[in-house]
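A quick write-up on the structure given underneath.
Bear in mind that the values in this text are calculations on the coordinates, not laboratory data. Please read these numbers as outputs of a predicted model, since none were measured by experiment. For neighbour counting, all protein chains shown are included, and Cβ atoms are generated from backbone atoms with ideal geometry for every residue, glycine included.
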Amino acid sequence: MSELRRESPYPMVPIEEAHRLIMARAVPLGVEEIDALASEGRVLAETVVSPDDIPDVPKAAMDGYALRAADGVGQRRVVAEVTAGVEPGLVIGPGEAARIMTGAPMPAGADAMIPVELTREHAGVLTVERALRSGDYVHTVGQDVARGAIVLQAGSMLGAADVGLLATLGRTRVRVYRRPVVAVLATGDEIVEPGASRAPGAVRDSNRYALMAAAREAGCTTISLGIARDDYNAQRDAILAGLARADVLITSGGVSMGTRDLIKPILAELGTVHFGRIAFKPGKPTTFATVGDKLVFGVPGYPVSSLVSFEVFVRPALRALQGDERPHRPRVQVTLAGALRPSPDRPEYQRAEVRWEDGRLMARVTGGQGSSRLLSMRGANALLLVPPGEEPYPAGAELDALLTGPLAA
Ligand code: AMP
Ligand code: MG
């Protein structure tokens, strides 16, 4: 039987240093060409410039009449009807107007239009009672997108509007960054599959499934490596199998000071451990290593530590690996709705629900903040950055927070 160690051989690094060590190694993995019309959620790897003016010809912005503004108020002869998608093929002369539908090309000669609700028409004669200026209600060439303009920037994440823009520009293929493949391994002799029968004291594997879900939410594809026993060779084999198939490996558990905490020595044997402890709560033993060009994160076994460490340290790396130029969650200032107690010695990320109330962002901590109480993550849309100290922060105090989800309604 080996003895329990009293001191970790790994120095405790500050959070900023941990981020620096990780982000220096999280460089985009590569680029692929995909269907532009289903590219939402991907990060753009090219700058998209418009090849055309949109619209390419002047068009009616509303249903009404195309006419010559210089004719002034008074009557017009209605000489034609112009509909969308049809080349008008006529010239509007002085004293004339054409019925025109939204989106139809303006006929030659007409330099303005008047919406139907501002007019009267009787027996082919239109009455215009309002003075118009040249260009009124006309959708001009390049008004929506000018030819040669930058429409989408490389490094930005594509959403529904961007898919619409790509379609507008006639782009059916687009270059995006490759999604990272993330393998997740659970460790522990007490850990069992959620669907398996459970001996007294056994713990259902929540971390592997929560971490895979979080990695997919961060835009990655995932591989499950199952549960490895607390045995050096079993964990080493599982880690090697994961590294062979994935860009990033996340292990859960086995990074603390117990005699069965084997992840750090295995990673030190296979590659380089960049840090093995962070001045951070919850998740002090979080470990970061590289094996070749693969990134490995060892997050602690307690479910809250595991997910908060993912959120704070792993997620930004996964975003940077897929080219996201803004890999970090938005950071905002919030007001505490109730008092909270900081950790005496380490910065702590407390789970909170943030909502817009009376003109400011109010934060409420989501119940007990114990590392095993996964329910504290439920309903949380923010991580409060609580600096260490002896005194509680009173209600009304202001702290920074990372927004991890939409504001509470
Ligand atoms: P460890 O970091 O391996 O010392 O584990 C710390 C605590 O987290 C122990 O109570 C474990 O039972 C629990 N734990 C470890 N792995 C998991 C997991 N995959 N899912 C849920 N709880 C876990
Ligand atoms: Mg363990």
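Once the Cα atoms are used to define both axes, helix 232-245 deviates from the longest principal axis of the chain by about 20 degrees. Reducing segment 299-329 and segment 187-242 to their Cα centroids gives an inter-centroid distance of 18 Å. Have a look at P265, L4, M62 and report the one farthest towards the positive end of the charge dipole of the chain, computed about the Cα centre with Cβ charges (Lys/Arg +1, Asp/Glu -1). The one lying farthest along the dipole's positive direction is L4.
Most simply put, the chain has about 65% antiparallel DSSP beta bridges, counting only bridges with both residues inside it.
Here is the tail figure for the chain: Cα pairs spaced more than 40 Å apart come to 40 percent of all pairs. Rounded to the nearest 20 debye, the dipole size of segment 278-409 about its Cα centre is 360 debye, using +1 on the Cβ of Lys and Arg and -1 on the Cβ of Asp and Glu.
Straight-distance candidates among the lysines for linking to K284, with alpha-carbon spacing under 20 Å and chain neighbours fewer than 8 residues away dropped: K264. Take the Cβ-Cβ distance between A395 and E16 as r, set R0 to 25 Å, and report the resulting FRET efficiency rounded to the nearest 0.05. Calculated value: 0.30. Among S306, S256, S197, the largest mean-square fluctuation in a Gaussian network model of the chain, built with springs joining Cα atoms closer than 10 Å, belongs to S197.
Placing +1 on the Cβ of every Lys and Arg and -1 on the Cβ of every Asp and Glu, with nothing else charged, gives segment 56-110 a dipole about its Cα centre of roughly 160 debye.
Of the residues L132, G159, I114, the one whose Cα sits farthest toward the positive end of the charge dipole of segment 82-159, with +1 on the Cβ of Lys and Arg and -1 on the Cβ of Asp and Glu, is G159.
Here the chain is treated with +1 on each Lys and Arg Cβ and -1 on each Asp and Glu Cβ, and its dipole about the Cα centre works out to around 880 debye. Within the listed set R204, R130, R42, the Gaussian network model of the chain (springs between alpha-carbon atoms below 10 Å) gives the highest mean-square fluctuation for R130.
Counting only alpha carbon atoms, the long axis of helix 207-217 and the longest principal axis of the chain meet at about 20°. The residue among H328, L385, T102 whose Cα reaches farthest toward the positive pole of the charge dipole of the chain, with charges on the beta-carbon of Lys, Arg, Asp and Glu, is L385. Label point of V116 set 7 angstrom out along Cα-Cβ; within segment 66-102, amide nitrogens under 17 Å from it belong to 66-67, 78-86, 97-102.
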